[in-house]
Amino acid sequence: MIRHFVAALMTMGLLAMGLRAQQPTAKTLVGIVGQSTADRAVDGGLSSIQVQASTDDSNAMVKAARTRSFTDPDDPTRALSTSWSLTASAPLSKGGDATALLSGDGFPDSFTLKTKYTRYLLSGRRRPDFDNPDVVKKRDVICEELILGAIKKGVSPEDAKGLECDTGNVKKFIPERLEDHNALFWDDDRSHYLWGGSATVGHRQFKYLETDLTEKSTSKTPWGVSVFGATVPRGMDTLLTGGFEYRSKQKDADEKTLCPQTAGASQLECKTGPIGAPVDADEQLVYVEMRRLMLSRAMSLKVTYNFETEKLGLDLPVYVIPSSDSGLAGGIRVGWLETEGAQIGVFVTSSFKLFPN
Amino acid sequence: MATRKVDFTVTGKDGVQGFWIAVGNKDVPLVNGKGSINLESPKTHFLVWWFGGEPGAKLSIIGVVGATTVVEVKQSVIPPGELEGAGSKRFDV
């Protein structure tokens, strides 16, 4: 199985480059499933890696990932989920040297290899004791009321019997019983915690002009690391996040048009491009972010400080439409950079998500 | 009493951050959404599930013995205004 994994990694770069010219699609290449034994619940261990290839508007990607879901052996009320991924990506098109301060991985136009680890903890989980007839009875009463409640609200008896007895349907059809249903599965005191980090290394080719108009090229190896921690405190629909990112990278030198000094020439042949070798554009960012759902609105406030430039930035998108059937959302965005001042604009983006991807 | 191995596949989408399942009081550890457990047969069991994530996040679960489906949760949803979902279902093995 390890051989399969190594082979998958070796092909990731080639696949990513091979996909550069394709239209956005997504397909699963390989699904390698964990082994099981005959006498116990089984964790597939390191044998389970999923490999996927996909493209978006700007990159072709190949991703190997592994997720685990388990209970804290020292505290059964703490449910844990971990995810690890290794992603190889290559740009679909070259051009520009945009360097996003507040978002993005910060490695434009580069072939990159990124590994990411995230751990998610949901505390306050309760396992209902279905060996206890009283607990079973309590559960069955709620589930029967759910069927009756759904029928009262116009669901056919046949469809009502097929409804899952879960939080979603209880809240929808018998909201007055939601607290009793939740009490079977959760403590009152429950919180969400996420933490993790990533490391990225890239390869980027730069072309530039010397002052004598000779064309040169050089390759650079940008890299970066990031760590973050986040929590949804008890009873709040708010995600609080803090993190640090370091990026060692370069960007094209300023673009100019130069013309040779040719004595007596009637026509000049000029060249346009970055003049001189690429320049360092390192970033050391520390940020805090608050993302909040508010009924039919949502907002996200992110404050970032760049230690390299010693500048502060602020981004405040307010989602007037947090989501729609088309998967789009929009609203008003207020941005502020110490170097550029405040900007206000309208934005359209994908649906608001409280949790990070 | 004899036992039979039940293979579970759990799929989350639309913003599920984490999901967990148990049969009765036994947790079923999952790797890439898949896990197995040996259950007494013939007997009625309770499948229990929990998940956390965005409002509107969806979970589906299927449990099979060999090629036979013994339990299926087609779709469980975190309702608006909530960040957790849970449910239970009887099934026979």
Within region A:158-169, is there a residue that is at positive phi and not hydrophobic (A, V, I, L, M, F, W, C)? no
Criterion (closer than 24 Å to residue A:67 by Cα and more than 8 Å from chain A (Cβ to nearest Cβ)) met by exactly one of B:64, B:48: B:64
In region A:188-232, how many are surrounded by 12 or more Cβ atoms within 10 Å (Cβ to Cβ) and assigned to a loop (DSSP other than H, G, I, E, B)? 6
Out of (1) in contact with a Ser or Thr (Cβ under 6 Å, 6 or more places away or on another chain); (2) closer than 30 Å to residue A:109 by Cα, the odd one out for residue A:254 is which? (1)
The listed residue being touching a helix residue (DSSP H, G or I) at 6+ places or on another chain (Cβ under 8 Å), facing chain A (nearest Cβ under 7 Å) and not aromatic (Phe, Trp, Tyr), out of B:76, B:36: B:76
Cβ pairs under 6 Å, 6+ apart or interchain, first in region A:117-143 and touching a residue at least 40 places away in the same chain (Cβ under 8 Å) and surrounded by 14 or more Cβ atoms within 10 Å (Cβ to Cβ), second β-branched (Val, Ile, Thr) and assigned to a helix (DSSP H, G or I), ordered by first then second residue, are A:128/A:135
Strands (runs of 3 or more DSSP E) wholly in chain B with at least 2 residues that are of a type in the set (A, V, I, L, M, F, W, C) and over 15 Å from residue A:165 (Cβ atoms) - which ones? B:2-13, B:16-23, B:34-41, B:58-65
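Just so you know, all these numbers are worked out from the coordinates, no wet-lab data involved. These figures come from a predicted structure and were not determined experimentally. Methodologically, a virtual Cβ is constructed for each residue, glycine included, from the backbone with ideal geometry; neighbour enumeration extends over all protein chains shown.
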